[in-house]
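A.B. asks: I have a structure I would like to understand better, so I am pasting it below and will then ask my questions one at a time.
The values are calculated or read from the model by the stated rules, or taken from the named source; none is laboratory data. Please read all numbers here as calculations on a predicted model, not as lab measurements. In this analysis, Cβ positions are derived from the backbone assuming ideal geometry, glycine residues included, and neighbour counts consider all displayed protein chains.
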Amino acid sequence: MSSLSASSCSPVSTAPTTPLSSTPAPESVSPLERGVRETIEKITEVTQLLDGELQASRKEREKAKAELERSREAADSRAAEISELKAFCDSSHPLEHEIKTANNKIANLVDFLSDEVGISRKECDEIALEAERLRELAAHHSSEITRLQTLHDTLRRTWEESILCAMCREPCIHPYLIQECKHTFCLACLQQWFAECLRKDLERVDLPPRLEARRDPPYTAETLEEFYAAGVAYAGLSYTCPFCRARVWEKPKEEPALTCVISALAAVLGPAVQPDSNGDADPDVWAGIFLRQPRE
């Protein structure tokens with residue numbers, strides 16, 4: 001437009017041929033020539049005005065392009081943050097679909113901004129508001145994921161604590177319940193504890209020479225019968241609960257319900273909780289600790 005105005009104005013704006021005399025008389029200018037001069041002046045003013053508006057329009061366009069580029073960089077930055085957030089989330093998390101949708105929206109928004117360079121300021125403002133809304137949505141989802149992860153960890157610790165053996169502080173393997181005090185322990189922990197109790201009891205008595213070699217564990221059912229027959233098996237016998245030290249007279253009972261709970265937790269919590277896979281190998285797990293028949 002500027003070139004057109006320059007080309008259209010330059011031939012017209014040339015000064016008219018001056019007469020031979022150095023100071024022409026005012027009455028020598030004809031009305032037609034005066035009208036032409038006035039028209040040229042008006043055209044020049046209009047051309048200058050249009051050039052000013054064109055320059056202002058170009059500056060406004062450059063400013064819009066710069067603002068569009070800043071919006072694009074901000075959208076790229078948020079897209080990268082959402083990608084990191086997506087990698088943090090577990091594939092089975094219920095909010096993964098919403099985060100993926102937000103990520104796709106931002107990616108589509110960046111592509112749209114890249115294609116529409118000549119977008120207007122109003123549309124840029126609308127896109128900026130949409131990008132801000134998506135950023136707030138991503139931040140909300142991030143905080144929600146953190147809250148759910150914390151809740152999951154708390155529930156995991158609570159469940160693990162409820163199934164821990166009071167001796168080894170590990171999830172009970174083949175759990176057994178002491179009937180006198182209702183405390184639960186691993187079978188192996190109880191067997192080891194009761195065998196140690198029996199060993200300490202035998203240290204306080206004199207054994208016949210034929211049983212002296214059998215004073216230390218492990219004990220068998222036959223050895224325990226011989227101790228009882230010799231009158232030393234229950235001389236000061238003091239089986240106790242490993243946790244509360246209550247006296248234990250009866251064989252602890254297996255807890256199949258707790259075994260089922262541990263099996264269910266193993267499927268959810270993974271290798272930290274594993275039930276016993278060989279719990280019924282020995283039908284008499286208390287052989288060598290409790291007599292087959294109740295004591296008289």
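A.B. asks: Which of the residues belonging to region 240-296 are modelled with pLDDT under 85 and of a type in the set (Gly, Ala, Ser)?
C.D. replies: Ala257, Ser263, Ala264, Ala266, Ala267, Gly270, Ala272, Ser277, Gly279, Ala281, Ala287, Gly288, listed by residue number.
A.B. asks: Hey, can you tell me all the residues within region 154-176 that are at pLDDT 80 or above and out of contact with any helix residue (DSSP H, G or I) (no Cβ under 8 Å at 6 or more places or on another chain)?
C.D. replies: Leu164, Ala166, Arg169, Glu170 - these are the residues of region 154-176 that are at pLDDT 80 or above and out of contact with any helix residue (DSSP H, G or I) (no Cβ under 8 Å at 6 or more places or on another chain).
A.B. asks: Kindly evaluate Ala139 against the criterion of being surrounded by 19 or more Cβ atoms within 10 Å (Cβ to Cβ) and modelled with pLDDT of 80 or more. I'd like the intermediate steps shown before the answer.
C.D. replies: Numbers: surrounded by 19 or more Cβ atoms within 10 Å (Cβ to Cβ): no; modelled with pLDDT of 80 or more: yes.
Here the answer is no, as Ala139 does not meet what is asked.
A.B. asks: Shifting gears a bit: So which residues in region 34-82 are polar (S, T, N, Q) and out of contact with any helix residue (DSSP H, G or I) (no Cβ under 7 Å at 6 or more places or on another chain), if there are any at all?
C.D. replies: Thr39, Gln48, Gln55, Ser57, Ser77
Residue by residue, here is whether (1) hydrophobic (A, V, I, L, M, F, W, C); (2) surrounded by 15 or more Cβ atoms within 10 Å (Cβ to Cβ) holds:
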residue	(1), (2)
Tyr176	no, yes
Glu180	no, yes
Ala188	yes, yes
Pro208	no, no
Pro217	no, yes
Phe227	yes, yes
